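Each value in this text was obtained by applying a stated rule to the coordinates, not by laboratory testing. Given the structure is predicted, the values throughout are model-derived calculations rather than measurements. Quick reminder, even Gly has a Cβ in these numbers, built from the backbone with ideal geometry, and neighbours come from all protein chains shown.
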Amino acid sequence: MLDRHNRSKIDLAHPKLRGELENLIQDINENILTGNSKVRITHSLRTWKEQDDLYAQGRTKPGKKVTNAKGGDSYHNYAIAVDICLIINGVQASWDVKKDWDKDNQSDWMEVVKAFKDKGWKWGGDWVKFKDMPHFEKTFGFTVKQLKEKYLRKDFIAGTEYVRI
């Protein structure tokens, strides 16, 4: 059973990913993470404006740089990427990639990474230039440039603003 927060983030994801994400998050939380931690989606769809605001952080706005992507240049803008954290004891957010909360001799974070990768998702922790440990994307073979072109052409699923993939 999904909690309300994960449900709301999955509902914003690309329609082609919603069922897969629901099953994946449920499987992780019910069968893979057996201790005090549960996976929580922190971001799925991000508007171009939200992306631009995030890009400004650490540049023209206070804070630490958290992205190198401007609006339209992130897979989040096309609802085919998610960021996650772990929720410990139902209340505390954690981005600790080494902690083994369920004491099975594997980092809980890396158990989540394996589950996503086993389903064909790419992990930001594998990137060479900029490690983005909470980030996962399923691109369906599209580059951001191709998705941006589709978006600007309004090549959408009928009645939505989700690009056809």
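Filter the stretch 96-125 for residues that are more than 30 Å from ARG164 (Cβ to Cβ), in a loop (DSSP other than H, G, I, E, B) and in contact with a Phe, Trp or Tyr (Cβ under 8 Å, 6 or more places away or on another chain) and give the result. Within the stretch 96-125, ASP96, VAL97, LYS98, LYS99 meet the criteria. Flag: LEU2 matches the condition of being in a loop (DSSP other than H, G, I, E, B) and among the hydrophobic types (A, V, I, L, M, F, W, C).
For the stretch 57-83, which positions are farther than 27 Å from PHE156 by Cβ and of a type in the set (A, V, I, L, M, F, W, C)? Once the filter is applied, which keeps residues that are farther than 27 Å from PHE156 by Cβ and of a type in the set (A, V, I, L, M, F, W, C), the stretch 57-83 yields only VAL66. Answer yes if at least one residue in the stretch 51-70 is of a type in the set (Lys, Arg), surrounded by fewer than 17 Cβ atoms within 10 Å (Cβ to Cβ), touching a Lys or Arg at 6+ places or on another chain (Cβ under 9 Å) and within 17 Å of VAL163 (Cβ to Cβ), and no otherwise. No, there is no match, as no residue in the stretch 51-70 is of a type in the set (Lys, Arg), surrounded by fewer than 17 Cβ atoms within 10 Å (Cβ to Cβ), touching a Lys or Arg at 6+ places or on another chain (Cβ under 9 Å) and within 17 Å of VAL163 (Cβ to Cβ). Of all residues in the stretch 105-124, at least one satisfies being in contact with an Asp or Glu (Cβ under 8 Å, 6 or more places away or on another chain) and among the basic types (Lys, Arg). Beta carbons closer than 6 Å, at least 6 apart along the sequence or on distinct chains, pair a first residue in the stretch 103-114 that is touching a residue at least 24 places away in the same chain (Cβ under 8 Å) with a second that is part of a loop (DSSP other than H, G, I, E, B) and surrounded by 15 or more Cβ atoms within 10 Å (Cβ to Cβ) for ASP108/LEU33; ASP108/TRP101; TRP109/VAL97.
In the stretch 136-165, the qualifying residues are those that are closer than 17 Å to ALA81 by Cα and among the aromatic types (Phe, Trp, Tyr), and the one that is surrounded by the most Cβ atoms within 10 Å (Cβ to Cβ) is PHE136.
Scanning the stretch 18-50 for residues that are outside any helix (DSSP H, G or I) and of a type in the set (S, T, N, Q), which turns out surrounded by the fewest Cβ atoms within 10 Å (Cβ to Cβ)? Don't jump to the end; show me each part of the working.
Just the residues of the stretch 18-50 that are outside any helix (DSSP H, G or I), to begin with: 33-47.
Filter once more, keeping what is of a type in the set (S, T, N, Q): 34, 36-37, 42, 44, 47.
Working: THR34: 14, ASN36: 17, SER37: 26, THR42: 15, SER44: 22, THR47: 12.
Result: THR47.
The residue that is nearest to VAL163 (Cα to Cα), counting only those in the stretch 74-95 that are of a type in the set (A, V, I, L, M) and in contact with a strand residue (DSSP E or B) (Cβ under 8 Å, 6 or more places away or on another chain), is ILE80. Filtering the stretch 71-93 to residues that are crowded, with 16+ Cβ neighbours inside 10 Å and either of a type in the set (A, V, I, L, M) or more than 23 Å from ASP11 (Cα to Cα) (or both) leaves ALA79, ILE80, ALA81, VAL82, ILE84, LEU86, ILE87, ILE88.
Looking across the stretch 112-140, just one residue is over 17 Å from the mean Cα position of the chain (by Cα) and of a type outside the set (A, V, I, L, M), and that is LYS129.
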